[in-house]
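J.: So that we are looking at the same thing, I have put the structure below in structure tokens.
The values are calculated or read from the model by the stated rules, or taken from the named source; none is laboratory data. Keep in mind the model is a prediction, meaning the values are calculated, not measured. Note that we place each Cβ from the backbone using ideal geometry, even for glycine, and neighbour counts take in every protein chain shown.
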């Protein structure tokens, strides 16, 4: 018995339920297409319907995890850590994004794409705080951050492209998180009884 | 170091129960299915171990319905948290003692005549049985 493996499997499981990230990533892409007024998404009701469908998909995937892998409430310490990192991260994200490139008078107005840059940094910090971080977290979130910081984003507002990049990264990371659960706990199987 | 400090808690030391308690020590609570997935125990074995742990006051078991399906939620009690932490601490100390004893032994090259000379030497192996 490896106690560390058991402890980390239990502590990280709630944060590695990665299939939920696939509709969440789609939300980024839908938001970008909505901002750009692409196709039917230019109508508000289509966007709202898409968001409701995405929320329903998230709920269904959450139920899949509960029924095939079980439910866990993370330790209070870990919940506090996750909330603190998220709150601090969102605040820093807003400040950093505005500082890097915005219409604010104090903005550096650099030729970068602030959304993927700061979102990648936030997710890297979040992953490090709650689940490791695993090598794929470093590659995906680090890669997203670097891609946003490469100074090639001069010209038109790159926010929508940034949102699409974030959406794809969220989906890919979710898929790899799910594979991590499968490696640790085995494939989803309906044969186990429920107590 | 007093000898009784290294006496293992038999209730906790059983591998199945130790696995359950170790999983529960890193979360607030987990349900029956998750414990089954992480420990690899069968439904009957897990149920039996949980009953023993509940009787000893190391865990609390809450049976409820979630979306009309039965769900059993298990959490460590403060006493359970203390007992499992103490147990892992004792195992670590035993392991350290065993490592120390091994290091203190004179190293000898194995020879055909001496290859069974350590057969009766016993060390705490860290095995959970």
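J.: Assuming residue B:79 fulfils every condition listed in (1) more than 10 Å from chain A (Cβ to nearest Cβ); (2) in contact with a strand residue (DSSP E or B) (Cβ under 6 Å, 6 or more places away or on another chain) apart from one, which condition is it?
T.: If we test residue B:79 against (1) more than 10 Å from chain A (Cβ to nearest Cβ); (2) in contact with a strand residue (DSSP E or B) (Cβ under 6 Å, 6 or more places away or on another chain), just (2) comes out false.
J.: If you don't mind, another one. With respect to the numbered conditions (1) within 11 Å of chain A (Cβ to nearest Cβ); (2) modelled with pLDDT of 95 or more, which one is the sole condition not fulfilled by residue B:49?
T.: Evaluating residue B:49 over (1) within 11 Å of chain A (Cβ to nearest Cβ); (2) modelled with pLDDT of 95 or more leaves (1) as the failure.
J.: Right, another one. So, restricting to helices (runs of 4 or more DSSP H) that lie completely within segment A:1-114, which ones have at least 3 residues that are at pLDDT below 95 and away from chain B (no Cβ under 14 Å)?
T.: Filter on segment A:1-114 gives A:21-35, A:44-68, A:76-100.
J.: On the basis of being out of contact with any helix residue (DSSP H, G or I) (no Cβ under 7 Å at 6 or more places or on another chain), free of Cβ contacts under 8 Å to residues at least 40 places away in the same chain and crowded, with 16+ Cβ neighbours inside 10 Å, does residue B:33 make the cut?
T.: When the stated conditions are applied, residue B:33 passes them.
J.: Which one of A:146, A:170 is farther than 28 Å from residue A:4 by Cβ, surrounded by fewer than 21 Cβ atoms within 10 Å (Cβ to Cβ), touching a helix residue (DSSP H, G or I) at 6+ places or on another chain (Cβ under 8 Å) and at pLDDT 95 or above?
T.: A:146
J.: Now for a separate question. Does residue B:106 satisfy the condition of being closer than 22 Å to residue A:72 by Cβ and modelled with pLDDT of 55 or more?
T.: It is false that residue B:106 is closer than 22 Å to residue A:72 by Cβ and modelled with pLDDT of 55 or more.
J.: Related question: Which residue is modelled with the highest pLDDT, if the candidates are limited to segment B:1-30 and must be surrounded by fewer than 18 Cβ atoms within 10 Å (Cβ to Cβ) and facing chain A (nearest Cβ under 7 Å)?
T.: Looking at residues that are surrounded by fewer than 18 Cβ atoms within 10 Å (Cβ to Cβ) and facing chain A (nearest Cβ under 7 Å), I get B:28.
J.: Any residue at all in segment B:83-99 that is surrounded by fewer than 18 Cβ atoms within 10 Å (Cβ to Cβ) and touching a strand residue (DSSP E or B) at 6+ places or on another chain (Cβ under 9 Å)?
T.: No - not one qualifying residue is present in segment B:83-99.
J.: Same structure again: Residues that are within 20 Å of residue A:3 (Cβ to Cβ), in a helix (DSSP H, G or I) and modelled with pLDDT of 90 or more: does segment B:57-73 have at least one?
T.: No.
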